[in-house]
């Protein structure tokens, strides 16, 4: 977010906050960088004069600011103060240092799959708290996500909701950014938490590719694509493409929940950071993919452990094929090169389970002690014999 000098028409003081710079301007008003008497910095937004004269807007704005006060969680910019009865209503939130996701990608290029998954997991977890407070953001997009040193933060709560129960303005245009709106917003239908899930999916696609999944064009063209055309995800990394596609399902019922997203994205972030291959997904239903992948993974691990207990050796491609399965070398942590079981110590016999590492160490120490004592006794006897011969 660019910081600019105050203009002549800008106020210098709003409420108990002194204004220092302009942070930006949008459809609802102007955002300023301000501070209170204690030096606490805030992002203070003053509503446009024409909206301030709309009593219906004021009522809705007050309702949503009240809801925003209930939001708890570290992934949001905390509401500090607000004046709903001022000539121009305003509200102040905690100032979050750091670039927006939009500026980060625009200036530095797309993020890696691991970075996108980590950011997405934090945002999904933040949306869980937002939705539990009864708030739907309705304008989640890269410019409304700030990348602070402590993690991503979602800003501009309550404003999109304050424009009305309908998602359309009086002139028939959708509220929000066309490339990140959900189909139900374009149609003027009721919004739900699934609406934010769609926007989050579009935001993750932007972070991974540097472009909206619905391309570029006029507002009318973009809105048509959102409702009637599939998102373009060919440039999204394979590890992320299934979950992004699930978020961008046209029907809200087919999208995963924010909790499911958070769990799945954490798994992807951890796997990508370690450089492991992506999990195989065989279902065609996007939401079912997210709901079942965790249980399938758990089930396969359980089956592997059960097979090992029953046969005394790991199950897998090596079992029943005439060759013994390969095992990681000692000290490799499961990531080093592998050698056949017949060449690895401690597990060459069929049906014999490998010793725990602590037990193996104790055996090695005992063996070394026996060798040491034996050699010492032999040397002592040799010295005594030599002395006897030459005495």
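Bear in mind that the values in this text are calculations on the coordinates, not laboratory data. These figures come from a predicted structure and were not determined experimentally. Virtual Cβ from ideal backbone geometry, glycine too; neighbours counted across all protein chains shown.
Could you work out the pair-distance distribution P(r) of the stretch 106-147 from its alpha-carbon pairs, with 5 angstrom bin width and percents rounded to whole numbers?
Whole-percent P(r) values from 0 Å outward: 5, 18, 27, 25, 14, 8, 4, 0.
How far is the Cα center of the stretch 218-237 from the Cα center of the stretch 41-72, in Å?
Measuring centre to centre over Cα atoms gives 31 Å.
Taking the Cα-to-Cβ direction at residue 3 and at residue 87 and moving 7 Å from each Cα, how far apart do the two end points lie in nm?
Distance between label points: 2.9 nm.
On average, how much area does the Cα convex hull of the stretch 215-262 cover when viewed from any direction, in nm²?
Values: hull surface 15.9 nm².
With the hull built on Cα positions only, its mean projection is 4.0 nm².
Along its three principal axes, how long is the stretch 181-225 when you only count alpha carbons? Whole Å, largest extent first please.
Over the stretch 181-225, Cα extents along the principal axes are 30, 23, 9 Å.
Sorted by packing (mean other beta-carbon atoms within 10 Å per residue), highest first, where do 126-139, 42-55 land?
126-139, 42-55
Sort the following peptides by mean Cβ neighbour count (other Cβ atoms within 10 Å, averaged over residues), highest first: 32-39, 367-374.
Numbers: 32-39: 15.5, 367-374: 10.0.
Ranked by mean Cβ neighbours within 10 Å, highest first: 32-39, 367-374.
Kindly rank 70-78, 115-123, 190-198, 82-90 from highest to lowest mean number of other beta carbons found within 10 Å of each residue. Present the calculation step by step, with values, prior to reporting the outcome.
Details: 70-78: 17.7, 115-123: 23.8, 190-198: 21.1, 82-90: 16.1.
Those peptides, ordered most packed to least, come out 115-123, 190-198, 70-78, 82-90.
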